[in-house]
Amino acid sequence: MKSKSIYRKLLFVFAFLGCLIFCTDGLCAKEFVVVIDPGHGGKDPGAVGKTAREKNINLKVALKLGDLITKNCKDVKVIYTRKTDVFIPLDRRAQIANNAKADLFISIHTNSVKNNNTARGASTYTLGLSRTAENLAVAKRENGVIMLENDYKTTYAGFDPNSSESYIIFEYMQDQFMENSVSFASTIQKEFKNRCKRNDRGVHQAEFLVLKNSVMPSVLVELGFISNPTEEKYLSSEAGSSTMANGLYQAFLTYKKDHSLKRRTTAQASSASGTKAGTSAQKSQATSSGKSGQTASANVSAGQPTVFKVQFLTSSAILKKGDKRLKGITNFEYYKEGGVYKYTCGASQDYNRTLRTRKEIASKFGDAFIIAFQGDKKVNVNQAIEAFKKKKK
Ligand SMILES: [Zn+2]
């Protein structure tokens, strides 16, 4: 009899715990978390115009956007990286979003070009390799804020925002959120153009540290040019900042509607197959073998020669020279891993040469990435690059 009552008590406790988990996970929790990141702040004014400062424009638009979401979307939790004029380190901004397990990250900025007062229009960036000098310049300017942080060399592992060589860390990065980020960015640009009547400068990719370190779909918006007096005036006005905030808000609604739908479908599919939803996606560096057959790579052994290669294709069968899928690449090798054949080219002990090969084939194989071998053994590419760079010094 005694044991029966213990079971009953245990059953009660489990039922209670179950309800609690259900409540925090489902009904009571906000369904969607968005992090709004007004760029710069405090001692960092951002770009400076004739009368306005970037940090103030960014904050005003951010707060208005957050207000619109909070008022109208009861199921959305809005988190700001800053709500006042304070300095926040760049890595802290991404951390805030990661800790909150945010579904979306919106970084708000205002553009500027030196000695040019006619450049105009709004653009939206996602994380990626910049294909033009102009995009790289924007990334360099926005990343430059880390130099105002006390210990930026340690925090960002020696990253120098002004040196093009530093941007190597972006070369072997893979962003699994790219599709969602680009889709959101395109919606924003549509709103900027149609609703806000801004000059549409389009969606671009560039190497932003703040986007690299956040592990969710993320965009960086450049509202307009503070270096253009007309746009400076517009963005500084109540009407201008409200219109821009509304444009972002409408884009957010569109993205969320689409995203929530997809998330529900994924959750249903996952619960049917018994896996947990939303745990696999990560912005990560390509230390392993790409989309299929991910395996852990071995550590680099000192004193052994390392060969870098560009992996551009996988196939379940061996492909012959001239196969259409190779898109004209004739000088290739392959290795077998996880039951599939993986095609590589550009083998070299000189990482920079392999990097050039990757750039050369980027138009044919956009998601090609670099891997490293010691003998037949695939090794951790991050370690291999580190070792290569050390040796060169
Ligand atoms: Zn900025």
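The values are calculated or read from the model by the stated rules, or taken from the named source; none is laboratory data. Model, not experiment: these values are computed from the prediction. Note that we place each Cβ from the backbone using ideal geometry, even for glycine, and neighbour counts take in every protein chain shown.
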Item to complete: Return the total of residues in segment 184-216 being of a type in the set (K, R) and assigned to a helix (DSSP H, G or I).
Response: 3
Item to complete: Working carefully through the options V210, V215, find the one that is within 16 Å of the ligand (Cβ to nearest atom), in contact (Cβ under 8 Å) with a residue 60 or more places away in the chain and among the hydrophobic types (A, V, I, L, M, F, W, C).
Response: V210
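This table checks each residue for (1) without any contact (Cβ under 8 Å) to a residue 60 or more places away in the chain; (2) assigned to a helix (DSSP H, G or I); (3) more than 15 Å from the ligand (Cβ to nearest atom); (4) not basic (K, R).
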site	(1), (2), (3), (4)
I88	yes, no, no, yes
N98	no, yes, yes, yes
I108	no, no, no, yes
T118	no, no, yes, yes
R131	no, no, yes, no
V138	no, yes, no, yes
I168	no, yes, yes, yes
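Here's the yes/no breakdown for (1) of a type in the set (D, E, K, R); (2) at pLDDT 95 or above; (3) within 30 Å of Y156 (Cα to Cα):
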position: Q174; (1), (2), (3): no, no, yes
position: V182; (1), (2), (3): no, no, yes
position: Q189; (1), (2), (3): no, yes, no
position: E207; (1), (2), (3): yes, no, yes
position: L220; (1), (2), (3): no, yes, yes
position: E232; (1), (2), (3): yes, yes, no
position: E238; (1), (2), (3): yes, yes, no
position: N246; (1), (2), (3): no, yes, no
Discussion item. Just to check your reading of the model, which residue among G247, G240 is assigned by TED's automatic domain parsing to the domain that holds K77, free of Cβ contacts under 8 Å to residues at least 24 places away in the same chain and either farther than 18 Å from T110 by Cβ or over 19 Å from the mean Cα position of the chain (by Cα) (or both)?
Written reply: G240
Worksheet item: Which strands (runs of 3 or more DSSP E) does segment 280-343 wholly contain that include 3 or more residues that are at pLDDT below 70 and in contact with a strand residue (DSSP E or B) (Cβ under 8 Å, 6 or more places away or on another chain)?
Response: 283-285
Worksheet, complete the sentence: Among the residues of segment 92-122, the number that are of a type in the set (K, R) and under 24 Å from T254 (Cβ atoms) is 1
Worksheet item: In segment 31-64, which residues are closer than 19 Å to N98 by Cβ, in contact with a His (Cβ under 9 Å, 6 or more places away or on another chain) and either among the small types (G, A, S) or away from the ligand (no atom under 12 Å from the Cβ) (or both)?
Response: F32, G39
Item to complete: Answer yes or no: is there a residue in segment 255-275 that is assigned to a loop (DSSP other than H, G, I, E, B) and modelled with pLDDT under 65.
Response: yes
Worksheet item: Can you pull out the residues in segment 140-152 that are surrounded by 18 or more Cβ atoms within 10 Å (Cβ to Cβ), within 14 Å of the ligand (Cβ to nearest atom) and either more than 16 Å from the chain's Cα centre (by Cα) or free of Cβ contacts under 8 Å to residues at least 40 places away in the same chain (or both)?
Response: K140, R141, V145, I146
Item to complete: Kindly indicate whether I36 is at pLDDT 95 or above and among the aliphatic types (A, V, I, L, M).
Response: yes
Practice prompt. Give just the number: which of (1) more than 16 Å from the ligand (Cβ to nearest atom); (2) under 14 Å from L211 (Cβ atoms) does T124 not satisfy?
Written response: (1)
Discussion item. For a quick check of your reading of the model, give me the residue pairs whose first member lies in segment 315-330 and is among the charged types (D, E, K, R), whose second is in a loop (DSSP other than H, G, I, E, B) and surrounded by fewer than 10 Cβ atoms within 10 Å (Cβ to Cβ), with beta-carbon atoms closer than 7 Å and at least 6 apart or on different chains.
Written reply: K321/T330
